[in-house]
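Working notes for the structure below.
The numbers here are math on the coordinates, done by the rules we state, and not lab data. Since the structure is predicted, the reported quantities are computational estimates derived from the model, not experimental observations. Positions of Cβ are generated from backbone atoms using ideal geometry, with glycine treated the same way; all protein chains shown enter the neighbour counts.
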């Protein structure tokens, strides 16, 4: 009996120079055509320049989803079978395409608008993010509460049982970097991001993004998609604009997502996108059989 397989799509931070070069010629041409039709051909050029050129969120998000969708087209063309999908943060757009809910073009269009709005919001409101490694979750909550004396400070990504990301205003994040050891956290790494993503500082972007999302066509689900704001399966398409806009200001519940995937009987997962960040994390804390299409 075939193992139940779920596709996993990575989020921001998985980008690297020339990440699209491992795609088939057919998929490269397919993605190039979509980017050209959306007046985003410059993104394809920036993919081959430097790591710095991929740092702006309006660039990195489009580059990542385009590459991920190129890989998805490749496995679809090969007839690869899968039973569900999920995505980490912006990776959810790839998961929705895999389930037949969003078209490839609308997914890239949506991520482009998302990246622009988040980038503008970050430029206006500032903020930063820090990854915490080796921690007690309750102590991280206390750490955020203490740091909140200096500005917004919230949990942004629950990535694994050993990695959590905190997001907030610069003074609060600086305080976290100075004091994390007092809260039983082993290591803290400031992330190279433009702003405080998945925090209340992105509220303006979330509101504007919802206005855009209601203009898109969402088709019925062909297979289950786990949403990362709570780790649960989408029930229908009705509330997708609310969910995807809320995602921008809400923590990524990746641990809950994976636990639910395991609970539902999925035994293997395939990472569809640049790098193998999700695969590497999952091998450290689950027994899922994980592989990445990009062996980077």
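Angle between the Cα long axis of helix 25-37 and the longest principal axis of the chain, 0 to 90 degrees, nearest 10?
Approximately 70 degrees, to the nearest ten.
Can you give the translational diffusion coefficient of the stretch 127-190 in µm²/s, computed by Stokes-Einstein from the Kirkwood radius over Cα pairs at 25 °C and 0.890 mPa s?
Result for D is 225 µm²/s.
For the Cα atoms of the chain, what angle does the longest principal axis make with the long axis of helix 254-263, in degrees from 0 to 90, nearest 10?
Helix 254-263 and the main axis of the chain meet at about 50 degrees.
Starting from the Kirkwood radius over alpha-carbon pairs of the stretch 202-246, derive D by Stokes-Einstein at 37 °C in a medium of 0.692 mPa s and give it in µm² s⁻¹.
In µm²/s, the coefficient rounds to 291.
If you take the beta carbon distance between residue 211 and residue 232 as r and set R0 to 35 Å, what does 1/(1 + (r/R0)^6) give as a FRET efficiency, to the nearest 0.05?
0.90
Quick one: if the Förster radius is 30 Å, what FRET efficiency do residue 2 and residue 145 give, using the C-beta to C-beta distance and rounding to 0.05?
Details: r = 47 Å, r/R0 = 1.56.
The calculated FRET efficiency here is 0.05.
Tell me the angle of helix 104-125 to the major Cα principal axis of the chain, expressed in degrees between 0 and 90 and rounded to the nearest ten.
20 degrees
Sorting check: for 81-91, 228-238, which peptide has the highest mean count of neighbouring beta carbons within 10 Å, and how do the rest follow?
Numbers: 81-91: 23.8, 228-238: 16.1.
Order by mean packing, descending: 81-91, 228-238.
Using the eigenvalues of the Cα gyration tensor, what equivalent ellipsoid semi-axes result for the stretch 108-155 when each is taken as the square root of five times the eigenvalue, whole Å, largest first?
28, 15, 8
If one computes P(r) from the Cα atoms of the stretch 214-296, what percent of pairs lie at distances over 15 Å?
When every Cα pair of the stretch 214-296 is considered, 65 percent fall beyond 15 Å.
Sorted from fewest to most neighbouring beta carbons within 10 Å, what does the list 112, 66 look like? It would help to have the intermediate numbers written out before the result.
Values: 112 21, 66 31.
Going from sparsest to densest Cβ surroundings: 112, 66.
For the stretch 83-231, I need the span (max minus min coordinate) of the C-alpha atoms along each principal axis, in Å, sorted largest to smallest.
That works out to 49, 36, 21 Å along the principal axes.
How large, in Å, is the chain by the Kirkwood hydrodynamic radius built from its alpha-carbon pairs?
Averaging 1/r across every pair of different Cα atoms and inverting gives 19.2 Å.
Please give the per residue volume of the convex hull enclosing the alpha carbon atoms of the stretch 21-141, rounded to a whole number of Å³.
Cα convex hull per residue, to the nearest whole number: 156 Å³.
If packing is taken as the average number of other Cβ atoms within 10 Å across a peptide's residues, how do 266-272, 4-10 rank, most packed first?
Those peptides, ordered most packed to least, come out 4-10, 266-272.
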